[in-house]
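Laboratory data are not the source of any read-out in this text; all were calculated from the coordinates shown. Because the structure is predicted, anything quoted here is derived from the model rather than measured. Methodologically, a virtual Cβ is constructed for each residue, glycine included, from the backbone with ideal geometry; neighbour enumeration extends over all protein chains shown.
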Amino acid sequence: MQGTWDQRAHGRAAGVVAGASRDTDGQPRSAYVADGADGAHGGREGRATRRWVLRTATTGMAAGLLAACAPGGSGESPAKTQQPVSMRFIPAAFHVEEDRAVINQYMAENPNVTVSFEPYSGNYNDKVTAMQAGSDLPDVIYTSDSRVKPFAANKVSADMDKLAAKDKASQALLKDVYPSMLDLGRVKSIPGLYMLPWALDVLVMYYNKSMFRTAGVDLPKPTWTVNDMIEAARRLTKETGDPASSQYGLNLNWTAWSEYVPWMRGYGGDMVSEDGKKAALDTGGAVEGIEAMASLVTRHRVAPPPGTDFGGDAFQLGKVGMMFSIRNSTVAIRKNVGTNFDWDVELRPAFPKKRVTGMGTAGVTVTTQTKNPDAAWQLAKYTISPPAQKLYASAYAAVPVLQSMRNDTTWRNLPAPPANVETFVKAADNGTLPPDFPVACGTVYVGDLNVLMTSTITNIVTGKSAPGPALREAATQINACIAKG
C-alpha cells in the first residue's frame, strides 16, 4: 500500500469523509475517528474513504455554479420579517432526540418558522452526495470535524462567516465559543467558517477507580506524567497469555489522529512543519513520541495488542483501567457500567515536552443550496445558543461550547459519576488541532493520508515495523504529495 500511496493521491483528489466524531449509537470513538459513515467516535455502515472524491477540474464548472449561488455573498443585512419561513434540517444519527428537542424549542420561540426534521438512515456521505447532485440539500445539516474540509471543498457547506458578518447580534455569541472548537470548523486552504460546534469535546482520561483501589494503586492526579501513567498501568496489568482474557492498565485508539499527533507534539515533534510545506513525522520528537506510544504494547505490555477482541468495550467490561475519550462517552459508560465499578475522569498525563491532548466535535452547517440563507443561519446559530446548549448538556452528552457556561449548573450539577467534571473544561487548555495538508493528499481523518497513517501506526504498534524507518517512509510519500499539491 505505502509504495503506491503517492501515485494514488494524484491524478484524482483524495477521498472524502469517512468520519464523524461520534458513533450513531451515541458512543464516541475516542474523539475522533473516521467512522466511515454514520451507521460511528456502534451500528456502523462501514468505512467510506473513497465513496466521495473531491471534485477536480472535470467538475470545476459545476462547483463554480454552486459557489456563485452560495449564500452570504451579498453583504445586505438579514431581513427582519415575521413572514412564514419553512426550512429543512438533518440531525446526526447519534444525536436525533437532542436535536429534535432543540428544533422544537426553536420553533416554539419563533412561531413563524416551520422546520422539517429529517433524520436519515444509511450512509450519510452517500446521502449528502445524492441530495447535492439533485439540488436537494436541506437548509441546515449535521457535520463534524472530519467533514469540515471535504464539505467546504465540495461546496456542500456555505461559508458561515459571510452570514455572520450580516448579523451583528451573532458576533458576541461566536466570541463566546471556545476558540479551539470554533477553529475545528475552519479550513486554512479554504478560508471561512463551515461548522458551528455543539460541544466542548476534548480527550480526557477515564479511569476505573475500583480497579486502582483493588490493586493498591494511587488514583490518577492532574500532575501525572506519562511515566506515572505507565507505572500505574504496569501494576494494574494482569496477563494470562491470552490478550482477550487479560487485564490491562490502559488502552488507546492508536490510529486516531487525536491520539498519535499529541504523542508527537508532546515529545517536541509534529506531523508537518509549521509552514505546512514539509512532513515532519520523521524528525526526532515525532519519532520519539510514536516510539513511546507503541512501547505501551511492544515493551511495557500494559496495553492490549490492536485488534484484541474483549467481546465488547474493554473499559466498560472492566478489562482496562484507563482509556481516553470525550464527554459523550459518559452516556454509554453510565448506562452499561452502572454499579459494576466506580469510575471518574482526570486530565491526560503530561508528556515530556508539554501537556497536549486531542479534540474534535460535531455540529451543524448551513448548506450552499438553501433558499433562505439568513433564516438558515439563525437556525444554525441557535444550536450554540445558551437555551440549546442547556438541552444538549442536560443528558451528560456534552460540555457546553460557550465559555460563559463553563460553570453552568445544567451540566455541573448532574449526579456523579463522573465527579471530577472540572477536568472536561481544564482539558481545553491543552487541546490541539489536527495538522493540515493539501486537499489532494486527503486528511488525517480520511482519504489516502488517513490510509497511510493508519497502516504506518498499526505496523509500528504491532511491532511489524520500527518507528524510525516506517515514519521516514511515510514522510517521503507525504512530501511527494505536498510537492505536487
If the chain between residue 394 and residue 116 were fully extended at 0.36 nm per residue, the gain over the current Cα-Cα distance would be 97.7 nm
HN-Hα couplings for the range 446-451 via Karplus (6.51, -1.76, 1.60; θ = phi - 60°), in whole Hz with x for Gly/Pro, come out as 7, x, 5, 4, 4, 4
Per the 1/(1 + (r/R0)^6) rule, R0 = 45 Å and r from the Cβ atoms of residue 410 and residue 133, FRET efficiency to 0.05 is 0.65
Taking a crude spin-label model, label points 7 Å out from Cα along the C-beta direction, the residue 175 to residue 274 distance in nm is 2.9
For the range 123-136, Karplus-derived ³J(HN,Hα) couplings (6.51, -1.76, 1.60; θ = phi - 60°; whole Hz; x for glycine and proline) come out as 6, 5, 5, 4, 5, 5, 4, 5, 5, 5, 4, x, 6, 10
For the range 220-349, averaging the sequence separation of alpha carbon pairs under 8 Å that lie six or more residues apart and dividing by its residue count, the contact order in percent is 31
Excluding residues fewer than 8 positions from residue 238 in its own chain, the aspartates and glutamates with Cα under 20 Å of it are 218, 228, 309, 313, 342
Rounded to one decimal in nm, the spacing of the 7 Å Cα→Cβ label points at residue 126 and residue 214 is 4.3
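What's the exposure ranking of 300, 95, going from fewest to most Cβ atoms within 10 Å? Don't skip to the answer; put the middle values down first.
Values: 300 17, 95 26.
So the residues, fewest neighbours to most, are 300, 95.
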Rounded to the nearest 0.05, FRET efficiency between residue 298 and residue 426 (Cβ-Cβ, R0 25 Å) equals 0.20
So, with points 7 Å from each Cα along the Cβ direction, the residue 484-residue 100 label distance in nm works out to 4.8
The lysines whose Cα lies under 25 Å from the Cα of residue 390, excluding any fewer than 8 residues away in the same chain, are 168, 175, 335, 381, 426
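Ordered by packing density, taken as the mean number of other Cβ atoms within 10 Å over each peptide's residues, highest first, how do 350-362, 111-123, 131-143 rank?
Numbers: 350-362: 22.7, 111-123: 14.5, 131-143: 20.2.
Averaged packing, sorted descending, gives the order 350-362, 131-143, 111-123.
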Phi-derived 3J(HN,Hα) across the range 452-460 with the Karplus relation (6.51, -1.76, 1.60, θ = phi - 60°), rounded Hz, x for Gly and Pro, is 4, 5, 4, 5, 5, 5, 4, 5, 6
Restricting to lysines and to Cα separations under 25 Å from residue 484, and discarding same-chain partners fewer than 8 apart, the set is 149, 155, 188, 277, 278
Contact order relative to length for the range 140-272, counting C-alpha pairs under 8 Å separated by 6 or more residues, stands in percent at 15
